[in-house]
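The values are calculated or read from the model by the stated rules, or taken from the named source; none is laboratory data. As the structure is a computational prediction, the values presented were derived from the model and not from experiment. Glycine also receives a Cβ, built like all others from the backbone with ideal geometry; neighbour counts cover every protein chain displayed.
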Amino acid sequence: MRKIQRRLLFYGLAIIFLILTPFVLAYSFGYSFDSKTQSLIPTGGIFIKTNQTGIKVFLNDREEKETSFLGSGALLPTLATGVYNITIEKDGFRPWEEHISVKAGTVSEHRNIFLIPEKIPLTATSSFISHAISTALPSPDGTLIALISEQGGTLLIASLDTNIPIFQKTYGSLLPKNLQWLDGKTLAWASPQDPSQWKLLRVTSNGTSEINLSILGNTAKDRIIAVMLHPSSPGSVYTLTKKGNLYLHSFSNQAKTEKPIMQNIVSFEVAGQNIYFITDKGFLGSSDLSGNAVESIGRAGFFLNGNFSSFASPAGNPAFIDGLRGLFFYDTDERKISSLSGAAEKIVFDSLGEKGLVIEESAVSVVFLKKESEFPFREKLTKEKVFDRGKRIVDAAWYRDTYILVTTEDGLSGVELGSGATHPVQKLLDETGFISTDGKTITIVNPKGSHTIAIE
């Protein structure tokens with residue numbers, strides 16, 4: 001190649017570079033060339049991902065993309081800024097529709113879209129109508145259910161899988177009080193005859209065993225108000241009394257003990273390998289599982305009068321609801337106490353303890369307990385209301401950590417954990433009750449019976 005040719009090639013490439021560079025830079029900053037206006041316009045994109053493959057994506061009622069039988073996600077790039085109507089369709093499923101905003105230089109991600117079958121199969125797994133049930137309490141793992149019939153004065157435990165009674169005992173007018181599951185196989189309740197005693201019923205493959213919880217030398221002046229299993233010793237249980245004494249019992253001696261491991265506390269929770277407790281002075285403290293290595297954490301403003309409830313996240317963080325329904329969360333990593341709600345009924349954590357459902361009387365919110373590294377990049381302790389229909393909340397639960405199930409007196413609804421601006425809600429069934437799920441099917445339990453559904 002001659003010298004003059006090399007120079008011409010160099011200058012030609014340089015000119016092309018100078019011409020294209022502004023367009024490349026503009027594209028990288030979220031701009032594209034509009035042939036109609038002959039100008040650069042700001043653009044963004046939309047990324048969607050569903051629980052189904054082989055979907056059709058419509059943009060403002062025009063089909064934009066169709067994924068393969070292996071594809072469940074679609075990217076719509078270089079969209080002018082504005083609001084778009086996005087519709088997702090698949091045969092046999094309800095269409096999904098939402099208005100999504102596009103901002104310059106940003107891809108709006110919607111990764112938790114659930115397509116719901118047009119017809120949701122409903123299977124009656126058990127019926128309790130013949131027992132005249134007034135209370136139906138499913139176990140945390142959804143395998144058992146505890147039932148109380150006030151008409152017959154009977155406590156019944158049955159399998160939700162087989163509908164076979166495992167335990168049945170008639171108490172007459174002295175029915176068990178404060179019925180609660182300690183885990184998937186252990187039921188606890190307060191004795192109606194003696195307020196100082198509780199009973200434990202442990203369900204094993206060999207049947208059931210009933211254990212009395214009592215305090216040696218106790219009088220009617222004190223009584224057990226809270227019970228919790230030891231996390232690493234299956235044969236031990238904690239009890240808290242009205243006078244603020246925390247006991248550690250062993251099943252080997254019929255769960256009787258005499259000396260408290262802690263005193264002057266109003267509530268406690270076992271999270272990870274620690275006991276977290278609230279003192280009668282309003283301080284949050286911690287100790288090891290034996291009640292030793294006691295440490296004061298801080299004073300968060302607990303309302304001490306009234307009943308407390310406590311919760312432990314899978315990540316080992318405790319949460320408390322005080323006498324005025326104030327919800328407090330303790331972050332063990334940052335050693336910080338945070339107020340999450342002033343009207344909470346319950347908090348339900350996801351499987352990793354990274355998110356929590358804050359259940360109030362007629363609303364459900366999600367609080368993010370960990371900073372999100374993906375869009376929309378929520379900060380830690382961000383709280384978003386996801387459901388508010390003005391109806392009393394019966395129960396709420398996570399489904400696969402990204403989809404939310406809510407029951408009200410009107411039935412079952414599914415709530416999509418959206419991008420922050422919107423959280424689409426779909427009515428699934430008219431059936432209502434307590435919710436349990438194994439990640440594949442959903443069981444709804446009420447005094448009439450239990451029903452299992454599949455939404456995928």
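Consider region 132-145 and keep the residues that are within 23 Å of G439 (Cβ to Cβ) and aliphatic (A, V, I, L, M). The one that is surrounded by the most Cβ atoms within 10 Å (Cβ to Cβ) is I145.
Please verify whether E384 is assigned to a strand (DSSP E or B), in contact (Cβ under 8 Å) with a residue 40 or more places away in the chain and among the charged types (D, E, K, R), treating the condition exactly as stated. For E384, the condition - assigned to a strand (DSSP E or B), in contact (Cβ under 8 Å) with a residue 40 or more places away in the chain and among the charged types (D, E, K, R) - is not met.
Does A343 fit the bill of being under 25 Å from L405 (Cβ atoms), in contact (Cβ under 8 Å) with a residue 12 or more places away in the chain and either among the polar types (S, T, N, Q) or surrounded by fewer than 20 Cβ atoms within 10 Å (Cβ to Cβ) (or both)? Yes, satisfied.
Every residue, every condition in (1) at pLDDT 65 or above; (2) under 27 Å from E456 (Cα atoms); (3) among the β-branched types (V, I, T); (4) touching a strand residue (DSSP E or B) at 6+ places or on another chain (Cβ under 6 Å), yes or no:
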site: R6; (1), (2), (3), (4): no, no, no, no
site: K65; (1), (2), (3), (4): yes, yes, no, yes
site: S72; (1), (2), (3), (4): yes, yes, no, yes
site: I88; (1), (2), (3), (4): yes, yes, yes, yes
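Checking every residue in region 374-389 against the condition of being over 16 Å from the mean Cα position of the chain (by Cα) and crowded, with 18+ Cβ neighbours inside 10 Å gives at least one match.
Only one of the numbered conditions (1) closer than 26 Å to T50 by Cα; (2) out of contact with any strand residue (DSSP E or B) (no Cβ under 8 Å at 6 or more places or on another chain); (3) touching a residue at least 24 places away in the same chain (Cβ under 8 Å) is violated by G390, and that is (1). Scanning region 153-170 for residues that are more than 28 Å from H230 (Cα to Cα) and crowded, with 16+ Cβ neighbours inside 10 Å yields one hit, T154. Out of the residues in region 260-315 that are of a type in the set (A, V, I, L, M) and touching a Pro at 6+ places or on another chain (Cβ under 6 Å), state the one that is nearest to V358 (Cα to Cα). Among those residues, the one meeting the criterion is A312. As an exercise: evaluate A255 against (1) touching a His at 6+ places or on another chain (Cβ under 6 Å); (2) at pLDDT 95 or above and give the number of the one condition it does not meet. The failed condition is (2).
Filter the strands (runs of 3 or more DSSP E) completely within region 171-227 down to those with at least 2 residues that are at pLDDT below 85 and more than 26 Å from the chain's Cα centre (by Cα).
Values: elements: 177-183, 186-190, 198-204, 207-215.
It comes to 207-215.
With respect to (1) in a strand (DSSP E or B); (2) touching a residue at least 40 places away in the same chain (Cβ under 8 Å); (3) surrounded by fewer than 18 Cβ atoms within 10 Å (Cβ to Cβ), the lone exception for E64 is condition (2).
Of everything listed in (1) among the aliphatic types (A, V, I, L, M); (2) modelled with pLDDT of 90 or more; (3) under 22 Å from D430 (Cβ atoms); (4) outside any loop (DSSP other than H, G, I, E, B), the single unmet condition for L115 is (4). Taken over region 409-430, the criterion of being farther than 28 Å from K371 by Cα and surrounded by 19 or more Cβ atoms within 10 Å (Cβ to Cβ) is satisfied by L412, L428. Taken over region 34-61, the criterion of being surrounded by 15 or more Cβ atoms within 10 Å (Cβ to Cβ) and either farther than 25 Å from S419 by Cα or modelled with pLDDT under 90 (or both) is satisfied by L40, I41, P42, T43, G44.
Rundown of residues vs (1) assigned to a loop (DSSP other than H, G, I, E, B); (2) over 10 Å from the mean Cα position of the chain (by Cα); (3) among the hydrophobic types (A, V, I, L, M, F, W, C), yes/no style:
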| residue | (1), (2), (3) |
| --- | --- |
| P314 | yes, yes, no |
| A319 | no, yes, yes |
| L324 | yes, yes, yes |
| Y330 | no, yes, no |
| E334 | yes, yes, no |
| I337 | no, yes, yes |
| E345 | no, yes, no |
| V348 | no, no, yes |
| G356 | no, no, no |
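Looking only at residues in region 146-170 that are in a loop (DSSP other than H, G, I, E, B) and without any contact (Cβ under 8 Å) to a residue 40 or more places away in the chain, which one is nearest to G207 (Cα to Cα)? Reasoning before the result, please.
Within region 146-170, the first condition is being in a loop (DSSP other than H, G, I, E, B), and the residues that meet it are 150-153, 160-164.
Next, only the ones that are without any contact (Cβ under 8 Å) to a residue 40 or more places away in the chain stay: 150-153, 161-164.
Numbers: E150: 25, Q151: 26, G152: 23, G153: 22, D161: 16, T162: 15, N163: 15, I164: 12 Å.
Per the criteria, the residue is I164.
Looking only at region 422-435, which residues are modelled with pLDDT under 85 and part of a strand (DSSP E or B)? Step through it out loud before you land on a result.
Going residue by residue through region 422-435, those that are modelled with pLDDT under 85 are 422.
Scanning region 422-435 gives no hits.
Restrict the check to region 286-303 and report whether at least one residue is surrounded by 15 or more Cβ atoms within 10 Å (Cβ to Cβ) and at positive phi. Scanning region 286-303, I find at least one residue that is surrounded by 15 or more Cβ atoms within 10 Å (Cβ to Cβ) and at positive phi, so the answer is yes. Please verify whether region 70-89 includes one or more residues that are in contact with a helix residue (DSSP H, G or I) (Cβ under 9 Å, 6 or more places away or on another chain), of a type outside the set (D, E), assigned to a strand (DSSP E or B) and surrounded by fewer than 16 Cβ atoms within 10 Å (Cβ to Cβ). Checked against the condition, which is being in contact with a helix residue (DSSP H, G or I) (Cβ under 9 Å, 6 or more places away or on another chain), of a type outside the set (D, E), assigned to a strand (DSSP E or B) and surrounded by fewer than 16 Cβ atoms within 10 Å (Cβ to Cβ), region 70-89 yields at least one hit. Here is the figure for region 414-435: residues that are of a type outside the set (D, E) and either closer than 16 Å to N112 by Cα or within 11 Å of the chain's Cα centre (by Cα) (or both) total 12.
With a requirement of 1 or more residues that are more than 26 Å from E334 (Cα to Cα) and not aliphatic (A, V, I, L, M), the strands (runs of 3 or more DSSP E) lying completely within region 243-307 that satisfy it span 246-250.
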